[in-house]
Amino acid sequence: MMKRIVFNAPEDSEEITVRDLGQLRSEMIDDFTEYWQDGSGEGDIQIFENNQLQSTLMIEPSIELERIYLHFIDNLNGEDWLSVYDRENLEETIETVEEVYASAGLFLPLELAWKGIGEYVKTGRRTGQIDWITPKEMPENGNW
C-alpha cells in the first residue's frame, strides 16, 4: 500500500513526509502570522493510499485570534468533523480569510491545533486530544 501526504500550503502545494513535521511546525506555528498571511491564508493536508484520497485536514487560521480551526474530512465514509474549543462561542462568527467566516468557538490554541495536525500527518486520523463536533451539531447562527 503506497501512502502519499500532500500539503496544500497558502502559497503552493508539496508532497511531505512525517520527517517534515519539524519544519512544518516551525512555519505553521512558530512563524504563525507571517506564514499564514502569505498566499491564500489557509491550507489543507490530504492523505492518499494507492492514489485514492482517504482524508483531508483543512487548516483555517485566524490571525486576529492567533488560533487555528481544523476541519477533518473522512473522504471514504463521507464524514465531516470540526474542531471545537469553546462551545459557548459557536454562535459568534469571525472572519478567517477575506470574506470567509467561521464560529469563534471552533478555533484552537496553536499548541493544541498542532497536536491535531501532527497526529493527522502521522496516522491519517483525527486526534482524540481535541474535542470534535459534526456540522449538524453547529448552532443555527454558527458557521463553519
Which members of segment 15-26 meet the condition of being surrounded by 12 or more Cβ atoms within 10 Å (Cβ to Cβ), of a type outside the set (A, V, I, L, M, F, W, C) and modelled with pLDDT under 85? Asp20
Report the residue count in segment 69-89 for those that are part of a loop (DSSP other than H, G, I, E, B), in contact with a strand residue (DSSP E or B) (Cβ under 6 Å, 6 or more places away or on another chain) and either surrounded by 16 or more Cβ atoms within 10 Å (Cβ to Cβ) or acidic (Asp, Glu) (or both). 1
Filter result for the condition that a residue is of a type in the set (A, V, I, L, M), surrounded by fewer than 17 Cβ atoms within 10 Å (Cβ to Cβ) and out of contact with any His (no Cβ under 8 Å at 6 or more places or on another chain), over Leu108, Leu53: Leu53
Kindly indicate the residue of segment 38-68 that is in a loop (DSSP other than H, G, I, E, B) and in contact (Cβ under 8 Å) with a residue 40 or more places away in the chain and also farthest from Thr127 (Cα to Cα) among those meeting that condition. Ser40
If Trp144 satisfies every condition in (1) over 21 Å from Phe7 (Cβ atoms); (2) aromatic (Phe, Trp, Tyr); (3) in contact with a Phe, Trp or Tyr (Cβ under 6 Å, 6 or more places away or on another chain) but one, which is the exception? (3)
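The values are calculated or read from the model by the stated rules, or taken from the named source; none is laboratory data. Small disclaimer: the values here were computed from a predicted structure and weren't measured. With ideal geometry, Cβ positions are generated from the backbone for all residues, glycine too; neighbour counts draw on all protein chains shown.
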